[in-house]
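S.K.: What follows is a structure written as structure tokens; I'll ask about it next.
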């Protein structure tokens, strides 16, 4: 079984001491309910993620994000999944590298364990985010390949 992890998802819901597959079920459950644009804003502030970066992750324009903010909309299931997975990614990255700044610098450099791809270039799909998360977990456990 995988390493025990604890992730905080949504305002008050905490998933503690669960294996990673169960965390994925929680992401699906929360994605189907959607999160408000305010939640995206909280994650943006916590991890210094710009609207341009969010637009790149989710495959939408910055104008769409601004419209969501003005109308205080709830994000779609797909958009919510990106928000939750990016939150998970940044949480793990910060733990592995010690700071968000160091993690963001790592995201911009070719990663050996990702076939020398630049991690930030594959964050526009959930599969890409999962690959980067898996690479971070390998780094955390000392297995780089």
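S.K.: Only one of these is exposed (fewer than 15 other Cβ atoms within 10 Å of the Cβ), in a loop (DSSP other than H, G, I, E, B) and modelled with pLDDT under 90: 11, 29. Name it.
M.R.: 11
S.K.: So, one more: Based on what the data block shows, is residue 88 modelled with pLDDT under 95 and in contact with a strand residue (DSSP E or B) (Cβ under 7 Å, 6 or more places away or on another chain)?
M.R.: When the stated conditions are applied, residue 88 passes them.
S.K.: Considering only helices (runs of 4 or more DSSP H) fully contained in the stretch 38-145, which possess at least 1 residues that are without any contact (Cβ under 8 Å) to a residue 40 or more places away in the chain and surrounded by fewer than 17 Cβ atoms within 10 Å (Cβ to Cβ)?
M.R.: On the way: elements: 51-58, 62-71, 77-97, 100-107, 126-140.
Answer list for the stretch 38-145: 51-58, 62-71, 100-107, 126-140.
The values are calculated or read from the model by the stated rules, or taken from the named source; none is laboratory data. In this text, all values refer to a predicted model and were calculated from it rather than measured experimentally. Because the Cβ atoms are built from the backbone with ideal geometry, glycine has one as well, and the counts that use them run over all protein chains shown.
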